[in-house]
């Protein structure tokens, strides 16, 4: 099924082709990670470390104290990657889960690349998918060396050594812990190839193991960027321009500098930085600045004007993303034609931890502490700014207080801002750049505003025979390191994903795209193109079903015959929700949607209740997911619950709007997000058993809820909604 | 000089009396478990207890906290707090974890005042705490589990 392998493949090697060779980094892919390479990274050489460390590869370290440390190459931002990747190693190592510790990998593209990308980074729901064999092989190699050491010590055959729950044993009664054999195993040759387990022998993969980050996070010991404290560290806040495209002309900082504790005020490309002893002093200093902005090049449009520009643009054909059959001819003979236009606003990610970054610039080195998400790109951008080599950029990747795409900024925006302050000051002192909520919400890098037009031709039986879909919105990838790999023939893959790979069998399909430019910075937002395309496709197909007077599930089934994995989640969600049972009753409604993103298939059924004041509540959401092998079912459930909630938040209230070029929202009072009373009382997650290679779960739960909800409202009221967020009263 | 009593220890601090308690805790005293999320009492990430009541430390000036008992996530140790932390652990509530100190401080405050809260009472009491990972289903379940454990 060609549509089901598209995304990760297309991201593969993006940096190799675009940024690679000239930048001085080797972006090789280490399939096994089992190299003896001298620059194998993160060996902690401080004196208290035991000397007899067994480190068979870049991912596994076994110490005489019997601890196994798994080095995690991906950012832990809540999605559970510390737990998932550690599970893969522990499985093949036959370790006990309790003895497994995790540690964040340093920035080193040679050792710690995302194998789908050829660069170190986390995104596209790819952590488990790209690491599945690599981490298992890392564990299996370590196990083989422990077994070899035990066999030698006991003078038995390796095949006779049994390994279970962190213990090696032999029928003779001999046994040893991993720790006891660590020193001897370190002297064994690293085997070239080690087989991994048959999935039927898995005893950790597929189990609900407790998350590795839970204890620190429950007991306030987890360290986020916000929490870093270094000797002599100063805190910086930046005053940004009031409009996109405006620049600083001059600033009167005399009042700011009078505040005790304000140490520096410096102009940087993105505004004026106030550098002080602490946050509150820096904030008072920033509030006292009197800037003059040059707004001659600034955007002065409103969201409504942008939308009208887009609508006019949509009158002309766009760049073709897919063209099957002959839509134009088919529409002429269609028994019925239905059309609609859709609107989607800019969206902020609004992570709980606003963007921040700690940087210490020293001669010939720059060290950073933050929730780094695309380490290789950040290294390259920083190296260029600071006239260093990427290897001289040392990144300590910390826990991120959420990201949803934001920290994977292809332009390294907040990271470069922090480095620009350090560069302007030219001190050896660590600088902590902090954004307030208002800074974060108004800094741009939004999910783009989109406008869609869609038209379907139905035959006499009500089935679609032609489908024409036009999308208008900024390209996320134009001008970034991802462009050459993911913008093909003028079509940004992230603008059309979920639309151009329509799973429904419609012989005549035409999808095209306009990618206008605007000075509003845009970026991927959890599930990217699917955030808008899934809404259009799944509400429109629902409308076609009701036009045809057919059941929405049956209608989809008929069109998904060639897509068994879509079909399976659709059927599972419908069954668990009791779809075929009698209607829910007065003032209640039920809606369904199914969508694939990042090679993971999700269907959701939403149930709503209408209230006397025309408001509504979402009572129940049933989720079916097929993500291949379920490495940790509870983490999958958590991502489905949370991903759905994130999408529900945007569906109910997510909107960044511009007026006279200014962002109207600033904080959670005017950019409302989902709170506990709005979370459905019942959220059920069902996982399709599968032996397919695992795919990601961070994003695919997000785009499905908005169309499922809108379809539920249509079911209850007969009204369809063509814009998000939905109105509060229906 | 302002003296704050934090987790039972007196801290004399040389800071502006208008400084929000949040920043005194984080930047001056060095207790970083209490988080900054919004600065305007909209998200609850900064929730601490003042004389046993949950407050938003981002809008509470240190002058208003002087002479009162301040408890942060680092200092909670009552049976209720322990039950909450155990329930949070057993249900693997956390995702990114950034809001969870505030969530637990609000949950402890709720259970201190209402031993067996109803579903609606839980939703109402927790409505001021935002979780962008949307762990709400598990927070609800953890509060109920903690209440059961304490019963």
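Laboratory data are not the source of any read-out in this text; all were calculated from the coordinates shown. These figures come from a predicted structure and were not determined experimentally. We place every Cβ from the backbone using ideal geometry, glycine too, and count neighbours over all the protein chains shown.
Points worth noting:
- Kirkwood hydrodynamic radius computed over region A:254-356 comes to 19.8 Å, based on all pairs of distinct alpha carbons.
- The mean of 1/r over all pairs of different alpha-carbon atoms in region A:278-418, once inverted, gives a Kirkwood hydrodynamic radius of 20.3 Å.
- Simple spin-label estimate for residue A:252 and residue B:124 gives 5.1 nm between the two label positions (7 Å along the Cα-to-Cβ direction from each Cα).
- MRE, 222 nm, helices only [DSSP H, n ≥ 4, -39500 (n - 2.57), over chain A, to nearest 500]: -8500 deg cm²/dmol
- Taking the DSSP bridge list for the protein assembly as shown and keeping only pairs wholly inside it, about 75 percent are antiparallel.
- With R₀ fixed at 51 Å, the C-beta to C-beta distance from residue A:424 to residue A:720 puts the FRET efficiency at about 0.45.
- The calculated P(r) of region A:535-583, using every Cα pair and 5 Å bins from 0, goes 5, 20, 26, 30, 17, 2 in percent.
- Of all DSSP-defined beta bridges confined to chain B, some 85% are antiparallel rather than parallel.
- By average C-beta atoms within 10 angstrom, highest first, the peptides A:639-647, A:446-454, A:266-274: A:639-647, A:446-454, A:266-274
- In chain A, Cα pairs under 8 Å separated by at least six residues give a relative contact order of 14 percent.
- Value of Rg to Rh for chain B (Rh from inverse mean 1/r over Cα pairs, i.e. Kirkwood): 0.97
- Using a Förster distance of 51 Å, the FRET efficiency for residue B:1-residue A:103 (Cβ separation, nearest 0.05): 0.75
- Going from the residue with the fewest nearby Cβ atoms within 10 Å to the one with the most, A:579, A:525 rank A:579, A:525.
- The mean number of Cβ atoms from other chains found within 10 Å of a Cβ in peptide A:437-444 is 2, as a whole number.
- Residues listed by number, region A:204-241, amide nitrogen under 18 Å from residue A:167 label point at 7 Å toward C-beta: A:204
- Region A:409-482, Rg to Rh (Cα coordinates; Rh as Kirkwood inverse mean 1/r): 1.32
- Intensity falloff of region A:336-397 expressed as log10 I(q)/I(0), Debye formula with alpha-carbon point scatterers, at q = 0.21, 0.28 Å⁻¹: -0.85, -1.18
- Each residue, residue B:116 and residue B:68, gets one label point 7 Å from its Cα in the Cβ direction; the gap between the two is 3.2 nm.
- For residues of A:642-654, the mean tally of beta carbons on other chains within 10 Å: 2
- Rounded tilt (10° steps) of B:100-113 against the dominant C-alpha axis of chain B: 80 degrees
- Between 0 and 90°, nearest 10: helix B:136-150 axis offset from chain B longest Cα axis: 90 degrees
- The simple spin-label model puts a point 7 Å past each Cα toward its Cβ; for residue A:692 and residue A:362 those points are separated by 4.9 nm.
- Radius of gyration and maximum dimension Dmax of region A:536-656, Cα, Å: 15.0, 45
- Dimensions in Å of chain A - Rg and Dmax from alpha carbons: 26.9, 84
- Length-normalised contact order for region A:628-730 - Cα pairs under 8 Å, 6+ apart - percent: 45 percent
- Gyration tensor analysis over the Cα atoms of region A:473-566 returns equivalent ellipsoid semi-axes of 30, 14, 12 Å (largest first, whole Å).
- Label point at residue B:149 placed 7 Å out along Cα→Cβ; residues across region A:201-228 whose backbone nitrogen lies under 16 Å: A:210-211, A:214-220
- Computed lengthening from residue A:394 to residue A:287, 0.36 nm per intervening residue step minus Cα-Cα distance: 35.2 nm
- Taking the square roots of 5 times each eigenvalue of the Cα gyration tensor of region B:79-150, largest first, gives ellipsoid semi-axes of 17, 13, 10 Å.
- Measuring nothing but how far apart in sequence close Cα pairs (under 8 Å, 6+ apart) lie, relative to its length, region B:2-75 scores a relative contact order of 41 percent.
- Of the peptides A:459-466, B:47-54, B:134-141, the order by per-residue mean of other Cβ atoms within 10 Å, starting with the highest, comes out as B:134-141, B:47-54, A:459-466.
- For peptide A:219-232, the mean count of partner chain Cβ atoms within 10 Å of a residue's Cβ comes to 4.
- Footprinting exposure proxy for A:637, A:620 (fewest neighbouring C-beta atoms within 10 Å first): A:620, A:637
- Expressed to the nearest 5 percent, the antiparallel share of DSSP beta bridges inside region A:463-622 is 70 percent.
- The packing ranking of peptides B:89-99, A:509-519, highest mean first, is B:89-99, A:509-519, where packing means the average number of other beta carbon atoms within 10 angstrom of each residue.
- Calculated FRET efficiency, residue A:561 to residue A:203, Cβ-Cβ distance, R0 = 56 Å: about 0.90 to the nearest 0.05.
- Contour minus Cα-Cα distance for residue A:232 and residue A:489 (0.36 nm per residue): 87.4 nm
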